[in-house]
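Scroll down for the structure; my scribbles are underneath it.
The values are calculated or read from the model by the stated rules, or taken from the named source; none is laboratory data. Quick caveat: nothing in here was measured; it's all calculated off a predicted structure. Note that we place each Cβ from the backbone using ideal geometry, even for glycine, and neighbour counts take in every protein chain shown.
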């Protein structure tokens, strides 16, 4: 791919106004740019929030049905936790990416409604691109964005949900780095980087639903390209296809045990959850007495199996178990996995 541009400008597009079902979004964006004294040029990239795309497409649902809508828009659940207001889910959305609540959103929408994502965000980007070309004559790229969290990092960033006319990756594999070594794995997620840059000038609370990015002409293509869905890693190749709790439960055949709470709870509460997971579909039973769990099964083998299931289940609730064998069976002594006295101190200042 071509060299990185020396100069890049990112400008928020204000003045679009409230977008309603059936709105000519391309026309609204071109008019807003014109009101600001700007016209689209070949090589520009227009970055647009999925929220206004969904509004123009009329993709609203009753807020009272949000839970059903989230389930409908979910392909598979990655992780789920109970909260005071219901079940919070990280899922693979029907729209493509793994994200919270399948992208079903209740912010900046009419009271009593929620928005869902376009079923095919890349198709929505292609349609918007064609509309912009028809109204401006310019060959531009379009990135439709949404917001998601990331593994290993706090906070959220905008990413490319849909894309048309922009290279989605900058594949540097086979190129040499500054030391002359051949790079073998580096693929910049270019469309996501454009989305994140645009979010710095778009406003989730300021009615700025789009941004004009200028300086990326080398990455704007005549054809629509593969779209942002090509960036989505399939579950089979995803090292993080399940949350750590869900992965252990799946391995133990305990997927149907009630969703754990987002607040872990007391040692007793966590022990009870671990026991419920351990005995789900297993032969034998566990009896909790204070900080100990009595494991009982028909024979030594069964007790060993159930004990190992319990130890794995305890790990999912940040507990550990020390196994003792007595005349009346197996006893597992439960304790915090990380004692409070050994916890990492919070830095001051």
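Summary table
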| read-out | value |
| --- | --- |
| Failed item in (1) within 30 Å of residue 38 (Cβ to Cβ); (2) surrounded by fewer than 16 Cβ atoms within 10 Å (Cβ to Cβ); (3) in contact (Cβ under 8 Å) with a residue 24 or more places away in the chain, with residue 156 passing the rest | (3) |
| Residue match in region 109-120 (condition: part of a strand (DSSP E or B), surrounded by 21 or more Cβ atoms within 10 Å (Cβ to Cβ) and free of Cβ contacts under 8 Å to residues at least 60 places away in the same chain) | yes |
| Region 241-273, residues that are touching a helix residue (DSSP H, G or I) at 6+ places or on another chain (Cβ under 9 Å), part of a helix (DSSP H, G or I) and loosely packed, with under 13 Cβ neighbours inside 10 Å | 244, 251 |
| Selection status of residue 229, surrounded by fewer than 20 Cβ atoms within 10 Å (Cβ to Cβ) and in a strand (DSSP E or B) | no |
| Filter result (surrounded by 16 or more Cβ atoms within 10 Å (Cβ to Cβ) and assigned to a helix (DSSP H, G or I)) within region 10-33 | 25, 26, 28, 29, 30, 32, 33 |
| Answer from 32, 93 - the residue that is modelled with pLDDT of 95 or more, closer than 21 Å to residue 160 by Cα and in contact with a strand residue (DSSP E or B) (Cβ under 8 Å, 6 or more places away or on another chain) | 93 |
| Qualifying residue in region 160-178 (condition: at pLDDT below 95, out of contact with any helix residue (DSSP H, G or I) (no Cβ under 6 Å at 6 or more places or on another chain), surrounded by 15 or more Cβ atoms within 10 Å (Cβ to Cβ) and outside any strand (DSSP E or B)) | yes |
| Scope region 131-153; condition in a helix (DSSP H, G or I) and free of Cβ contacts under 8 Å to residues at least 24 places away in the same chain; matching residues | 133 |
| Wholly enclosed strands (runs of 3 or more DSSP E) of region 35-86 bearing at least 1 residues within 17 Å of the chain's Cα centre (by Cα) | 45-49, 74-83 |
| Test set (1) surrounded by fewer than 19 Cβ atoms within 10 Å (Cβ to Cβ); (2) assigned by TED's automatic domain parsing to the domain that holds residue 141 - residue 53 fails condition number | (1) |
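Residues checked against (1) without any contact (Cβ under 8 Å) to a residue 60 or more places away in the chain; (2) over 22 Å from residue 218 (Cα atoms):
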position: 30; (1), (2): no, yes
position: 38; (1), (2): no, no
position: 51; (1), (2): no, yes
position: 75; (1), (2): yes, yes
